[in-house]
Structure formats: structure tokens, C-alpha cells
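Quick notes on the structure that follows.
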Amino acid sequence: MLSYARETDFTRSLDDFFARLRDGDRVAYGSDDIDRAVEYGAVDTALVSADVPVQRRTEIESDVAEQGGETLVVPDDGERGARFAEPFEVGGLLRYQVE
């Protein structure tokens, strides 16, 4: 079931996302990259902005759950959520890098 992430969950996951992004390590962002990573079964945790339409969020959650991953909906009402939502909308912490 798709639900908004608890603050500690999405804070930890966003910190991990931005650290991996900075280091170029096992992260995907943007709709095309996430779709490709899901296709390869690489997404461990999907991060989806609350701004993303519910149908798209549900699609990502379903696809990621089929592969044993989780999806966190990131509220956009705080600084961290807005910092994620504006440039990315969707992102993923990957099990392995997808080219």
C-alpha cells in the first residue's frame, strides 16, 4: 500500500539519495532513469514526490514492490522534500548501477 513516508524514513533515504548522487554511486533520478532501473530490477527504494500524479506513483510502487523494494512518497512541504521534488520528482536508491 502506497503511503506517505514517515519523516525519519524519507529523511534518511533522501540523505542517502543526495550522498549517492554526489558520489555517483547507485542512484537513478528522473522518470526515464527510474523506468530503466525498474526494468532491470535494480530499485531497492523508490522516492516519489507527492507532486507526482497518484496513478504514476502507484505504478512505480507496484513495479518496485514486485521486485522486493519499497516506495516512499516524499512530502513536498518541507525544505528536503522541495529540494528533491523540484529537480527530480522521482529517484531511486539502487541495488546496483544501471547504465
Just give me the residues in segment 21-80 being among the acidic types (Asp, Glu) and outside any loop (DSSP other than H, G, I, E, B), in sequence order.
Asp23, Asp32, Asp33, Asp35, Glu39, Asp44, Glu59, Glu61, Asp63, Glu66, Glu70, Glu79
Every residue in segment 72-99 that is open to solvent by less than 40 Å² (accessible area, probe 1.4 Å), within 21 Å of Gly24 (Cα to Cα) and within 10 Å of the chain's Cα centre (by Cα), please.
Phe84, Phe88, Val90, Gly91, Gly92, Leu93, Leu94
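State whether one or more residues within segment 41-57 are within 23 Å of Asp77 (Cα to Cα) and in contact (Cβ under 8 Å) with a residue 60 or more places away in the chain. Full working, then the answer.
Let us first name the residues in segment 41-57 that are within 23 Å of Asp77 (Cα to Cα), namely 45-57.
In the following step, the residues that additionally are in contact (Cβ under 8 Å) with a residue 60 or more places away in the chain were identified as none.
Within segment 41-57, not a single residue is within 23 Å of Asp77 (Cα to Cα) and in contact (Cβ under 8 Å) with a residue 60 or more places away in the chain.
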The residue that is modelled with the lowest pLDDT, considering only those in segment 1-58 that are of a type in the set (Asp, Glu) and surrounded by 14 or more Cβ atoms within 10 Å (Cβ to Cβ), is Asp9
I'd like to check something: does segment 17-38 contain any residue that is touching a Phe, Trp or Tyr at 6+ places or on another chain (Cβ under 6 Å) and farther than 18 Å from Glu99 by Cα?
no
List pairs: first in segment 78-99 and under 13 Å from Ala50 (Cα atoms), second among the acidic types (Asp, Glu), Cβ under 7 Å, 6+ apart or cross-chain?
Ala82/Asp76; Ala85/Asp51; Ala85/Asp76; Glu89/Asp51
When the residues of segment 59-71 are filtered to those that are open to solvent by 60 Å² or more (accessible area, probe 1.4 Å) and within 13 Å of the chain's Cα centre (by Cα), which remaining residue is modelled with the highest pLDDT?
Glu59
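The values are calculated or read from the model by the stated rules, or taken from the named source; none is laboratory data. These figures come from a predicted structure and were not determined experimentally. Backbone-built Cβ (ideal geometry, glycine too); neighbour counts: all protein chains shown. For accessibility, only protein heavy atoms count, side chains too; no ligands or nucleic acids. Shrake-Rupley method; radii C 1.70, N 1.55, O 1.52, S 1.80 Å.
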